[in-house]
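See below for the structure under consideration.
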Amino acid sequence: MSAKPPAIVYDHESPRILVADVTSGQLRPAAHLDWLVLSSDHAPWQDSLLVEQTRRPPFERPEHVPHAHHVCIRLGPSSILEWWIAGERRRHQRVTPGDVHLTSAGVPMWYRLQESSEILMLALAPSFMQHAAHEFAGAAALELRNQRAIRDAPILHRGLALQAELEAGCPAGRLYGEGLATALAVHLLQHYAVSPPQLRRYRGGMPQARLQRVLEYMQAHLDQDLSLAALAAVAQMSPYYFSRLFKQSTGLSPHQYILQQRIAWATRLLVEPQLSVAAIAYRVGFASQAHFTTIFRRWVGTTPWQYRQQR
């Protein structure tokens, strides 16, 4: 097997998780279209990471190179996995539900699944991970250690949270997915970087003046699809430290705070009988009435229509 990877240009142009065939250098989807159960192709946070849930038959993937850093979570059932990664010997092992596999971008590999399997794959672009390494730790270079069939509760928790969000149609919005992607990137840096960076530490919450500036910005833009990067820019800090310090100061993550404020605004509007529930959903920043209803029920315990009737 060749250990020389083809030349690849990494980008966000495709909503599919891609690999490059070593023989031709051609980019291809990591999974056939008819294997897809869930995909992040329409998720508002797909520029941070891509997610695909697949049900695969017994399958052999010829030598290829991941287009991004791949985190694969085995959903089931147990089966034998054979694999080879550049610089390592060929191996085989029984893998079980909950097992996590990590493959660094640009590393040639081959694998064979001897039985049918269900897999949740997360793909983080090298540019996203490199930016995280620089912003969070000042690191100039990034390489991850390849792992097979490990147990990692934080990765499993975040992966299943993204799966549940996709199944629900992404009602929590851009901030939720971006927050999970950022937390996942930092976890990978801390635990699987070849040279683990020393993360800068800040305590005591966000300076009051910056926090006030961010809260005012949030209130003025509640009806918009706010991004973590935009909020961090208002606070003049990196997304990761913004998220940490914001939660230290408010007790809520940025996406939780935004949802809380949108729901509070919606409850005030629901007493106005001339406004439809759909109109209120769009006015307070939800992408659809269905998303609004899902989040409203989660926070208030009843639907917007029932809340209005009770009032």
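The values are calculated or read from the model by the stated rules, or taken from the named source; none is laboratory data. Fair warning: this is a prediction, and the values are worked out from it, not measured in the lab. Glycine gets a Cβ as well: all are built from the backbone with ideal geometry, and neighbour counts include every protein chain shown. All accessible areas refer to the heavy atoms of the entire protein, side chains included, with ligands and DNA or RNA removed. Shrake-Rupley method; radii C 1.70, N 1.55, O 1.52, S 1.80 Å.
Assorted remarks:
- Screening the candidates V9, V37 for the property of being outside any loop (DSSP other than H, G, I, E, B), β-branched (V, I, T) and either within 21 Å of the chain's Cα centre (by Cα) or modelled with pLDDT under 95 (or both) yields one hit, V37.
- Complete set of residues in the stretch 283-295 that are in contact (Cβ under 8 Å) with a residue 24 or more places away in the chain and more than 23 Å from the chain's Cα centre (by Cα): R283, V284
- Any hit, the stretch 48-58, residues being in a loop (DSSP other than H, G, I, E, B), out of contact with any helix residue (DSSP H, G or I) (no Cβ under 6 Å at 6 or more places or on another chain) and closer than 22 Å to E165 by Cα: no
- Strands (runs of 3 or more DSSP E) within the stretch 101-194 that include 1 or more residues among the hydrophobic types (A, V, I, L, M, F, W, C), out of contact with any His (no Cβ under 9 Å at 6 or more places or on another chain) and touching a residue at least 12 places away in the same chain (Cβ under 8 Å): 109-113, 117-124
- Residues of the stretch 279-311 classified as open to solvent by less than 30 Å² (accessible area, probe 1.4 Å) and hydrophobic (A, V, I, L, M, F, W, C), total: 7
- Within the stretch 23-32, one or more residues are among the aliphatic types (A, V, I, L, M) and in contact with a His (Cβ under 9 Å, 6 or more places away or on another chain).
- Selection of the stretch 258-281 for residues being without any contact (Cβ under 8 Å) to a residue 40 or more places away in the chain and closer than 19 Å to P44 by Cα yields only A281.
- Some residue of the stretch 66-83 being at pLDDT 95 or above, in a strand (DSSP E or B), among the basic types (K, R) and open to solvent by less than 30 Å² (accessible area, probe 1.4 Å): yes
- If the condition is being of a type outside the set (D, E) and either part of a helix (DSSP H, G or I) or within 22 Å of R174 (Cα to Cα) (or both), then the stretch 15-34 contributes P15, R16, I17, L33.
- Exactly one residue out of E143, E135, E167 is modelled with pLDDT of 95 or more and either open to solvent by 10 Å² or more (accessible area, probe 1.4 Å) or in contact with a Phe, Trp or Tyr (Cβ under 6 Å, 6 or more places away or on another chain) (or both), and it is E167.
- Any hit, the stretch 216-225, residues being of a type in the set (S, T, N, Q), part of a helix (DSSP H, G or I) and surrounded by 13 or more Cβ atoms within 10 Å (Cβ to Cβ): no
- Residue match in the stretch 276-288 (condition: more than 18 Å from R174 (Cα to Cα) and basic (K, R)): no
- In the set (1) touching a residue at least 12 places away in the same chain (Cβ under 8 Å); (2) crowded, with 18+ Cβ neighbours inside 10 Å, the condition left unmet by Q248 is number (2).
- Residue list for the stretch 86-111, filter: closer than 14 Å to R145 by Cβ, of a type outside the set (A, V, I, L, M) and crowded, with 20+ Cβ neighbours inside 10 Å: H101, T103, S104
- M237 vs. criteria part of a loop (DSSP other than H, G, I, E, B), at pLDDT below 95 and more than 21 Å from the chain's Cα centre (by Cα): no
- Looking only at the stretch 261-278, residues that are of a type in the set (D, E, K, R) and surrounded by 13 or more Cβ atoms within 10 Å (Cβ to Cβ) come to 1 in all.
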